[in-house]
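First the structure, in the form of structure tokens, and then the observations on it.
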Amino acid sequence: MRIILGLTILLVLGAAFVHIASDVPFGKPAVTDMDDYFIANGQEQTGANNIVTGVLFDYRGLDTLIEATVLFTAVLGVSVMFRKLKEGEQYEND
Amino acid sequence: MDVTTTLETGYGAWSPLVWLAAFAVTMVIALLIRSTGESRYKKDSNQTKPFISGNEAPQDAYHIRAGNLYWGYLEALKGYYQKLVPLHTGIMTDYVLWMFGVVAIMLLIGLSI
Amino acid sequence: MTGAWTIALVVLAVLILLALVRLLRGPSVPDRVVALDAVNTLVVASMIILAVVKKQVIFVDVAIVYALLSFVGLLFIAKYLGREM
Amino acid sequence: MEAVVLICLVIGLLFNSLGIIGILRFPDVYTRLHASTKATTFGSIFVSLSVIVYAAARFAGDGDRPMLSLALHVLVAMFVLAFTNAAGAHAIARAAHRSGTLPSPSVRDDLNEEAGS
Amino acid sequence: MMLVLFHLLILAGLIITAASVVYFRDLLAAAISLAAFSLLLALEFYLLQAPDVAIAEAGIGAGLTTAIYIIAIRGTKRKEDPDE
Amino acid sequence: MMSTLQQHAPALLIAIPLFAAFSMPLVGKNPGFRKMWTIVLMTLTSLTGLMLACSVFRDGSIVYVFGAADASQALAEGSGFPIRIMFTIDAMSALMTIIIAILAFAVTLYSLAADGGHSGLEGFYSLLFLMVAGALGMVNTGDLFNFFVFLEVASLSGAALAAFRIDKGVAVEAGLKYALISGLGGLSVLVAIGLLYSQYNALNIAELAARIQFTRLDMIAFVLLAVPLAMKCGAVPMHFWTPDTYAAAPSSVTAFLVVTSQASLYALFRICFTLFGDPAAINIAVFGWFIVALGVLSMFVGVTMAIPQKDVKRLMAYHAISQTGYMLLGVGVGLAVLGNAKALGDYGMTSMSGGLFHIINHAIYKGLLFLTAGAVFYRIGTRNLNRMGGLGHTMPVTMICFIAGALAIAGIPPFNGFASKLLIYESVFAFNPFIAIVAMLVSILTLASFVKVFHSMFMGPRQPDHGEVREAPRPMVIGMALLAVLVILFGLIPTAVVESIIRPAAEALLDRAGYIATVLGGP
Amino acid sequence: MNGGSVIIAHAPLFAVAVIFLLGLSILFFKRNLIKILMGITLIEAAINLFLVSTGYRMDAIAPIFTNAPEGAVMALPTVQALTLTSIVIGVASSAMMLSFVMLIYRHYKTTNVNRIRGMKG
Amino acid sequence: MKRFVSTLVPVMALYMWLTAGSGDVFGLWAASELVLGAVLSVITAWLTALHVGSAGVTLPVNPLRWILFALYLIGPFLLEMAKANLDVAYRVITGRINPGIVRVNSGMKTAGSTTALANSITLTPGTLTVGVDEETNDLFIHKINLTEEEAARSAWDSRDLFGFNLPAMIRRFSE
Amino acid sequence: MRMTKVVRTVADLLYPFCMIFGLYVVAHGHLTPGGGFQGGAVIATATALLIAAHRYDDVSARVKSARMKVFESVGLLGFLILGFSAIILGQPAFRNWMLSRGSLFNDSVAFGVNPGALTTGGLMPLMNLAVGLEVLGALTIITLYMLSGTKEDPS
């Protein structure tokens, strides 16, 4: 039952992905105005030769901050997981 | 801002002030009724104890536990619950399967319109 | 010259695939690790060639990082295999 | 110059192929490691050498600054590769031995006696 | 043309390694396949002209992800149960 | 100075909680200082949020562009499209900001007392601040990828907090479930973002809405965006993670998890209305019916699953699903009649107001209920309803707060739940009478199950094993009382709230062209 | 364009589809938690590849001006930045989930999802 | 201090190596690169001086040793490596192998020289280092082809493995 | 248990080189591929190399997770402050206000293809540094904590 259901779902999603794969323009994007703007003006506006860094830290700086925050969150999560419990910090198991 | 206006719903209206007034009136009536009651009632005396044909009431029997509430309702809808509850398996891959199942169904619908 | 480089690339790719055969067949885990090691080396080689083909000098940095860091993964696997962790 | 580059490249590819064939043909982990470590490292060093020769010749010929930096970086990559591969092969061999995969055709095994005693 | 062929071969390698991650019951072998997958993915990013991403994938994917998977396998157990 | 602060309030809204979270590991070793630091910075965050929301309701939408020469310059120099990340705060976002600000403040007050006995508290508060920042970012951002990143922050911190009681297997299990399912949801959103980007080369929601062509790929992208977001807000049949996570998390966290799932709900509405809600181009009613169907299913399945539960927080979690159904229903009706101007004017608008009003009401009373459940758990150490009883004698304030919350969730006048449910019933009745009847039935069942909870928690004689129980500590009571007062207040002045907050939000949600014009300039 | 040439011209995207489905099949049919997390890593990798592919231009060079060849077109930089972000998010979330799994093993002594169901119903 | 310097100099050299061609100071470097390189190298040396040497190894400060090392690499080592590969090629093609693990007296005193020897052995003809004796620095070598006579021999010395006297050269630059 | 002497020596020798390479990648983030994340990951992986080669206890005694936490927090706070420092000057957050302002990284960049100069980029190199510090701390802590999780006896 589970196998049939799973295979059906995989089939539908596979069809969708094949559709995506054959419809998305690969190698020649249809619209490129935003990125062309970055390539044309990135050096001047951000002062970086590496446009990717320019996008990462200047045009989309907030993204990068929040991404670093995600890493910070994961670190806090891991350190919370492996912390040493205090004496008597037990809860009832029900 | 006028707080006293009623909330128009398009078909009806709801005014908390009217309700509050009604509530106050009801309280007044209730207090009137209460004042006619016995005044010799005392707390912490035998009067507060439940009277079960003269026997001492058992300490724990008269709090109905949660599991026993709505027994009849659950019994009546047994067929429904026997189908529904086992779906909540607690297995996380099942959750994933459900989610992508909905995605698949929606893809079929979305691509057909 | 570009032709020679690209042919070399294709040969390297075929070699990578052949090494993956060993990765698949095993039979033991150390065999797979050996295959992984071989794949690492070949990938670094092809990255170096690609940098020349595309005439992008800066790409070699990627190969260096790659060569340095794949070693770490390898060491961890070896450490676990040798029951030293 | 082109001839040197081509020769280096061919040698490199040849040894790489030999290494991979060795990985596929040899019977146990240790012999496969022989093939993989030596042959692929040597092959990759020669591939890198061909790139270095090419870049150095371009630098000498055209004064192409980027090509100098290419050659230097490739040299670093080459060193790192040789250095880590040798140590990596050693680590794998030891791990294989400790995990119980002993050399299958084997005349003599001193390490095993050592571990046993 | 040759580059396209190279590209296709690398993609084939990616798919093979991904399939072997699915196939192996030994988690350590699956982790090794995952490492190989990451390596080839880095090469693929490199081919798609994304060196920044390739460095990140090589550093994080090949080095660190393998390490933490191995640690997690060490912290649990290595083989999948026969019934799972 | 003041005007500078006001101008940069959207940036500060994110910066303050992030600053608090980042500095907590450095300064949080000393308990007293940590408490002070937490409360001060959380108050600042809430105040900034409220101030921002007020200014939005007063002066209209705000656009804040990060990194531009001027904060309101949405379009890039010398081009006709936005390239930078921006916060686009319209009335709807402001509504959500208000909810988050209120709940964050109450939850923090509460958790200062309730979770004081844990170890690793600097991690706890840091994660709490991160969750607040994530939720605030989710509702305020105007950039699709930025939304994804904030979503991940909220999900990961939520998962870590849900697993905070690591000595219990179920808590860690709940955390893993939440992390896994929301991680997958996030990945699905990412695919959709890639699809939209590959076609229109834009990430800004307004820009995408202006450029969108409704191709088949866009439909796939819609599905991949909408379903995970519906999952994140706990719609049936993708609700399974909700009871597990809500039950195992510490109560203060659960109260805030409700808010993050409502932020997902906001995003779902934003996607449906602003990004894809062009009735001229596609058959929008299908989307509407999809959401209505999810809503009805959620209402019914949620409440029926709640009744037999024995764990009080699990029961409340199922109610959260059920109440989410009301919101989906209310707004879904609005979406279904989006193309029909007459129906929209007749009942669609009312229905949407009801749905949005229910969001804020639900956040408040469900937060309150989880907090009371947590207070009870704090004192007696169990969540099992079968082992409770007689707590009304010893915890009267908690009981009163619980009564307020329970009556509100059941839709009894004069509490706030009634007002929003009334709006939903009447307008949905005009849309489809059968659904309205289901909604009322669900309301009755809700009341029934809360009677059960009330009875088994607070009624009955003092139980021998809970003899030593006292009232919850003061900060917890303050946190609960704050929400209880809001429950009653919103119930007593529904008109004022609807007219000043809800109606503008509903109009903002419907006004697709207005949203686009806010960013891209006049039409 | 017939089918075969579409597949060759769009090869990375088809590889994305295959890898995504492989990862998803792990999630559906496998029972081991660590294996499931590997599946998620595969899906993440597939999506990263998808994002980078959408930004690729034929015969383009990387969007870096340092020592680049003159006058070539450049690949789109935005998606590369997005992919970097998503890689870091991926490693963060998988590290956290792996530590969850290790703790779960400590409590339940198993990594089989069918046995990890402390909550159901 | 010795450690600090012995880390600082090679690290700085690597940085300079990587940034060569960036400007015109000394013909190759930009001034900013030099400054930043010095700062970063000092930081690195300061941070890592603690770690380097936990196995008893320090990088040599003496430039003569570096020169010897380089000479060793391009001279005898490359030759041995070429021989190794021809040998492996022969084995691969013919499949004629006769492997075994033998214990070899390395004669090395320090960890650094042992490492250099072990890596040289790994990359040279038909031999692969499998294990190290931690006390005596003896190496366990997997030989791909053990003849009858070799299999019977009890005491091995590292000198016997190479055509040249590599161990002596290694000792010269690393001990 | 630690690995053999050979591996330990190689790891020890490789560690400073990994570190300087990571710092090189961080410092040249705005010129060559790489940046804060990649460089930080390289350094963190180098620490993982040490952990692999030596005993966990030996490494964790020197690479203290408390210090790494400070690194991480300081890096993030630095990034936050750099990002939002523009507000003090009355400009929107994340404005690159240091660009051509006559301070440290202010050189105007040559347009088009060029060999690249380190002193360009305004705030960007500083942000790279902050992010590098953060990622270095974060990834190291993750590895250390997860390893400590395997050590503890589950009973």
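Look at segment F:184-206: where a residue is within 10 Å of chain G (Cβ to nearest Cβ) and within 19 Å of residue G:25 (Cα to Cα) and a partner is crowded, with 24+ Cβ neighbours inside 10 Å and charged (D, E, K, R), sitting 6+ places away or on another chain with Cβ atoms under 6 Å, you get F:186/F:152. Here's a check for you: in segment I:51-60, which residue that is crowded, with 24+ Cβ neighbours inside 10 Å and within 12 Å of chain E (Cβ to nearest Cβ) is farthest from the chain's Cα centre (by Cα)? Among those residues, the one meeting the criterion is I:52.
Of H:74, H:121, all but one fail to be buried (at least 19 other Cβ atoms within 10 Å of the Cβ), aliphatic (A, V, I, L, M) and either at pLDDT 80 or above or within 24 Å of residue H:172 (Cα to Cα) (or both); the exception is H:121.
Listed here are the residues, each with its yes/no results for (1) touching a Pro at 6+ places or on another chain (Cβ under 9 Å); (2) within 26 Å of residue H:93 (Cα to Cα).
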site	(1), (2)
D:1	no, no
D:17	no, yes
D:22	no, yes
D:38	yes, yes
D:41	no, yes
D:48	no, yes
D:61	no, no
D:82	no, yes
D:90	no, yes
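Has segment A:55-64 got at least one residue that is more than 7 Å from chain F (Cβ to nearest Cβ), open to solvent by less than 10 Å² (accessible area, probe 1.4 Å) and touching a residue at least 12 places away in the same chain (Cβ under 8 Å)? Checking segment A:55-64: at least one residue is more than 7 Å from chain F (Cβ to nearest Cβ), open to solvent by less than 10 Å² (accessible area, probe 1.4 Å) and touching a residue at least 12 places away in the same chain (Cβ under 8 Å). Within segment G:43-89, the set of residues being part of a loop (DSSP other than H, G, I, E, B), closer than 24 Å to residue I:121 by Cβ and within 12 Å of chain F (Cβ to nearest Cβ) comprises G:55, G:76.
Among the residues making up segment F:161-173, those that are assigned to a helix (DSSP H, G or I) and facing chain G (nearest Cβ under 7 Å) are F:169, F:170, F:172, F:173. Considering segment F:1-115, the qualifying helices (runs of 4 or more DSSP H), each wholly inside and each with 1 or more residues that are among the small types (Gly, Ala, Ser) and touching a strand residue (DSSP E or B) at 6+ places or on another chain (Cβ under 9 Å), run over F:9-27, F:31-59, F:91-114. The number of residues in segment H:135-158 that are more than 9 Å from every other protein chain (Cβ to nearest Cβ) and part of a loop (DSSP other than H, G, I, E, B) comes to 7. Residues in segment F:391-405 that are surrounded by fewer than 20 Cβ atoms within 10 Å (Cβ to Cβ) and in a loop (DSSP other than H, G, I, E, B): F:394 alone. Counting the residues of segment F:81-115 that are in contact (Cβ under 8 Å) with a residue 24 or more places away in the chain, within 13 Å of chain A (Cβ to nearest Cβ) and open to solvent by 10 Å² or more (accessible area, probe 1.4 Å) gives 2. Among residues of segment H:98-127 that are within 16 Å of residue H:72 (Cβ to Cβ), those with a Cβ under 9 angstrom from a residue that is surrounded by 24 or more Cβ atoms within 10 Å (Cβ to Cβ) and aromatic (Phe, Trp, Tyr), sequence gap 6+ or separate chain, pair up as H:123/D:42. Within segment A:8-37, restricting attention to residues that are among the aliphatic types (A, V, I, L, M) and outside any helix (DSSP H, G or I), the residue that is surrounded by the most Cβ atoms within 10 Å (Cβ to Cβ) is A:24. Considering (1) open to solvent by less than 40 Å² (accessible area, probe 1.4 Å); (2) under 22 Å from residue G:13 (Cβ atoms); (3) out of contact with any Leu (no Cβ under 6 Å at 6 or more places or on another chain), the lone condition that residue A:46 does not fulfil carries the number (2). Candidates in segment G:1-42 are the residues that are of a type in the set (S, T, N, Q) and not in a helix (DSSP H, G or I); of these, the one that is most open to solvent (accessible area, probe 1.4 Å) is G:2.
Exactly one residue out of I:96, I:114 is open to solvent by 10 Å² or more (accessible area, probe 1.4 Å) and touching a Leu at 6+ places or on another chain (Cβ under 6 Å): that is I:96. Output the residue which, of all residues in segment H:124-134 that are open to solvent by 10 Å² or more (accessible area, probe 1.4 Å) and facing another protein chain (nearest Cβ under 7 Å), is modelled with the highest pLDDT. So, considering only residues that are open to solvent by 10 Å² or more (accessible area, probe 1.4 Å) and facing another protein chain (nearest Cβ under 7 Å), the one modelled with the highest pLDDT is H:132. Looking at segment E:66-82 only, could you name the residues that are open to solvent by 10 Å² or more (accessible area, probe 1.4 Å) and more than 8 Å from chain C (Cβ to nearest Cβ)? Within segment E:66-82, E:75, E:76, E:77, E:78, E:79, E:80, E:81, E:82 meet the criteria. With a requirement of 3 or more residues that are in contact with a Phe, Trp or Tyr (Cβ under 8 Å, 6 or more places away or on another chain), the helices (runs of 4 or more DSSP H) lying completely within segment D:1-94 that satisfy it span D:2-25, D:41-62.
Note on segment F:257-316: among residues that are part of a loop (DSSP other than H, G, I, E, B) and over 30 Å from residue F:382 (Cβ atoms), the one that is modelled with the highest pLDDT is F:276.
Number of residues in segment A:4-25 that are at pLDDT 90 or above and more than 8 Å from chain G (Cβ to nearest Cβ) equals 8. For segment I:4-47, the set of residues classified as more than 9 Å from chain E (Cβ to nearest Cβ), polar (S, T, N, Q) and in contact (Cβ under 8 Å) with a residue 40 or more places away in the chain consists of I:47 only. Scanning segment C:30-48 for residues that are more than 22 Å from residue D:10 (Cα to Cα), at the interface with chain D (Cβ under 7 Å from one of its Cβ atoms) and in contact (Cβ under 8 Å) with a residue 24 or more places away in the chain returns C:30, C:33. In the set (1) at the interface with chain G (Cβ under 10 Å from one of its Cβ atoms); (2) open to solvent by 10 Å² or more (accessible area, probe 1.4 Å); (3) under 14 Å from residue I:45 (Cβ atoms), the condition left unmet by residue I:139 is number (2). The set of residues in segment F:4-19 being more than 10 Å from chain I (Cβ to nearest Cβ) and either in contact (Cβ under 8 Å) with a residue 60 or more places away in the chain or polar (S, T, N, Q) (or both) consists of F:6, F:13, F:17.
Yes/no matrix, rows are residues, columns are (1) open to solvent by less than 10 Å² (accessible area, probe 1.4 Å); (2) more than 19 Å from residue F:264 (Cα to Cα); (3) of a type outside the set (A, V, I, L, M, F, W, C); (4) in contact with a Gly (Cβ under 7 Å, 6 or more places away or on another chain):
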{"site": "F:134", "(1), (2), (3), (4)": "yes, no, yes, no"}
{"site": "F:140", "(1), (2), (3), (4)": "yes, no, yes, no"}
{"site": "F:151", "(1), (2), (3), (4)": "yes, no, no, yes"}
{"site": "F:165", "(1), (2), (3), (4)": "no, yes, yes, no"}
{"site": "F:185", "(1), (2), (3), (4)": "yes, no, yes, no"}
{"site": "F:232", "(1), (2), (3), (4)": "no, no, yes, yes"}
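The values are calculated or read from the model by the stated rules, or taken from the named source; none is laboratory data. Model, not experiment: these values are computed from the prediction. Glycine also receives a Cβ, built like all others from the backbone with ideal geometry; neighbour counts cover every protein chain displayed. These area figures cover heavy atoms from the full protein model, side chains too; ligands, DNA and RNA do not enter into them. Shrake-Rupley method; radii C 1.70, N 1.55, O 1.52, S 1.80 Å.
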